[in-house]
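Participant: Here's a structure for you.
Just so it is clear, none of the values below were taken in a lab; they were calculated from the coordinates. Note that this is a predicted model, so its numbers are computed, not measured. We place every Cβ from the backbone using ideal geometry, glycine too, and count neighbours over all the protein chains shown.
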Ligand SMILES: [Zn+2]
């Protein structure tokens, strides 16, 4: 496939306006402070030939796609503590060695080990019918006979607060339509403890996603200390809406929830590291990476197998083309992003002594759809340079530099002052399948994946090769 998906201009502007206001940038011009003119964007013409070679080579290379297909089809989903995650770790190490990358290694990380166990939910009244569900990660289980209780449907936390003690002994269903991920995911993340405060027996959470083909979305919860831990399960939009209509008609809703979920002792896992060592300043690092763990449904092809493979193959491509930059480019495939963040924590801790040597940290954890560019968290000088580099990606329409470069696994580095970038892709359909059994290889477009590899490779290469350090 060679055709690009050109986004309509209007859609781009709307998205940009939303992104700008989301990060508090909108309206800045209308304030009375004098406007500081932006720094001039430096020309990167001397890298045009290299960028062209990178893009051309990425588009005819099938290695990234083939490896992601292997990871998906043969190893499958990779929850922390599972043998598949450790199989993926060992496989990545072996393949990176075959690629001839430098310093390929595992760095040990202890990770939480949550297991789902057998689980089911059944509507008992007003009609008997199975409910499609997925336990929420980190949830406690139910007693073996399950929890059978009346269901109370609420549309938001305010309705829960109004009901207060009236939910005691009941199952609270949060039927909250998807707005943004950040807003809606709170119900999955903290809904159990908020309902438990009023004595609820369990919670059901409408899946966090904009559309559904009766696909339940899992994800992590966190329990509030001092509040009883109650089980939580995600249900589909269809089933949540059905129960909301039943409540609307004044019908009694009774559900039986059975979950065998439990937390086992921490398990051993590892971050996977590989490098393309720099020629002149090998101690300075441009980091690229994604997270190798996934939820225990689907095959984690989009979240975040694609990000792992794209960042790794960006470096592999540079190696193959003989493009060795002045600084080192380091690939990190983090473990345990989904239900703990221990991989990111361990990396920041184990590499504390060299954090100041991290010139830039680039993460890809938003899918490997058609790339638009990068979000960036850094100073104005770095932003001007990044825009100059992004101009080299104009031909593939991946030249946008947005405002927010913080993603989950690079966050601990960015908090310590490392400039951060996140690969920005057309995420229109990302949350349709996020954390569902439908996150599988068929959702990956070969050409879009290749464009992500090219985009990551051009940015990482130029930042790593520039005579001056990014932002200085
Ligand atoms: Zn992810």
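Participant: Order 358-365, 337-344 from most to least packed using the mean count of other Cβ atoms within 10 Å.
Facilitator: Packing order, densest peptide first, comes out as 358-365, 337-344.
Participant: Specify the inter-centroid distance of region 109-140 and region 349-426, based on alpha-carbon positions, in whole Å.
Facilitator: Value for the Cα centre distance between the two parts: 36 Å.
Participant: What is the calculated FRET efficiency for residue 183 to residue 416, with r their C-beta to C-beta distance and R₀ = 30 Å, to the nearest 0.05?
Facilitator: It comes to 0.60.
Participant: What ranking, highest mean first, results for peptides 274-282, 321-329, 167-175 when packing means the other Cβ atoms within 10 Å averaged over each residue?
Facilitator: So the order, starting with the most tightly packed, is 167-175, 321-329, 274-282.
Participant: If you rank 215, 428 by fewest surrounding Cβ atoms within 10 Å, what's the result?
Facilitator: Ranking 215, 428 by Cβ neighbours within 10 Å, fewest first, gives 428, 215.
Participant: Let me ask another. With the contact rule set at Cα under 8 Å and sequence spacing of 6 or more, what percent relative contact order holds for region 82-151?
Facilitator: 18
Participant: Whole-Å semi-axes of the chain's equivalent ellipsoid, largest first, each the root of 5 times a Cα gyration tensor eigenvalue?
Facilitator: Largest first, the chain gives 41, 25, 20 Å.
Participant: Sort 217, 77 so that the residue with the fewest other Cβ atoms within 10 Å of its own Cβ comes first and the one with the most comes last.
Facilitator: 77, 217
Participant: Give the angle, between 0 and 90 degrees and rounded to the nearest 10, that separates the Cα long axis of helix 306-321 from the longest principal axis of the Cα atoms of the chain.
Facilitator: 10
Participant: I'd like the antiparallel share, as a percent to the nearest 5, of DSSP beta bridges with both residues in the chain.
Facilitator: Around 55 percent antiparallel, to the nearest 5.
Participant: Given the rule -39500 (n - 2.57) for each run of at least 4 DSSP H residues, summed and divided by the residues of the chain, what is its mean residue ellipticity at 222 nm, to the nearest 500 deg cm²/dmol?
Facilitator: Only helices count here, giving -9500 deg cm²/dmol.
Participant: Using the number of other C-beta atoms within 10 angstrom as an exposure proxy, rank 91, 114, 334 with the fewest first.
Facilitator: The order, fewest Cβ neighbours first, is 91, 114, 334.
Participant: Points 7 angstrom from Cα along the Cβ direction at residue 277 and residue 155: gap in nanometres?
Facilitator: Label at residue 277, label at residue 155, 6.3 nm between them.
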